[in-house]
């Protein structure tokens, strides 16, 4: 019981760090004139996104501080996004699921980092419509090294999975652009599926792609049903695909033989 509590606590703390990356990575990629001169991706204190006042450590406790402050900044009383506690709680739940799956082994730490990065990418994709290359490349490198040095999966399955993952989305992207003369899926999705392929191998890619596509279509149909313009073509709805890839990958992980 103490171990489970420790893992949940680690998850909440990791979720707080994940929130920092979710907010700062897009600013580092697309800085604007409203970005504080004190901004740093790492090594700087957390600040209110509205008034830029430094947040005291005792107001930066995962979930607890959000509830205590009633979702508002102490200084300017601007609303704090509900995303922050959601990410923290989600990270805690993910780490617990990983522990229940693989126990406390080297793979626990590998997959904890992997799925935290997926969570960060998914949140950024939802908010900004981008999947950062920096995260995709880190996951690709970790997948190759993990398979080669720690037998995460067979290294040849990893390499084939990574290459085919990228080519699948690349082919879909080019086919859609050729038929409809416009972009239908981002190259970031290709790199993300490539990273997933390096971690899970080529045999798991069909399941991940089918499940993520089904979830995406379900969301599109819901959007179409709720849209005032019901005559809008289903292909005109834009949704972030990264979260569906990430969720499907988590499902495959929990039902695999790692």
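Candidates in the range 184-201 are the residues that are surrounded by fewer than 19 Cβ atoms within 10 Å (Cβ to Cβ) and touching a helix residue (DSSP H, G or I) at 6+ places or on another chain (Cβ under 6 Å); of these, the one that is modelled with the highest pLDDT is 185.
Residue 165: touching a residue at least 40 places away in the same chain (Cβ under 8 Å) and within 21 Å of the chain's Cα centre (by Cα), yes or no? Yes: the conditions hold for residue 165.
When you go through 99, 84, 66 one by one, which is the residue that is surrounded by 15 or more Cβ atoms within 10 Å (Cβ to Cβ), farther than 30 Å from residue 254 by Cα and either at pLDDT 90 or above or in contact with a strand residue (DSSP E or B) (Cβ under 6 Å, 6 or more places away or on another chain) (or both)?
Details: 99 fails: farther than 30 Å from residue 254 by Cα; 84 fails: farther than 30 Å from residue 254 by Cα.
Just one listed residue meets the conditions, 66.
The values are calculated or read from the model by the stated rules, or taken from the named source; none is laboratory data. Quick caveat, the model's predicted, so the values are computed rather than measured. Don't worry about glycine lacking a Cβ; one is built from the backbone with ideal geometry, like all the others, and counts go over all protein chains shown.
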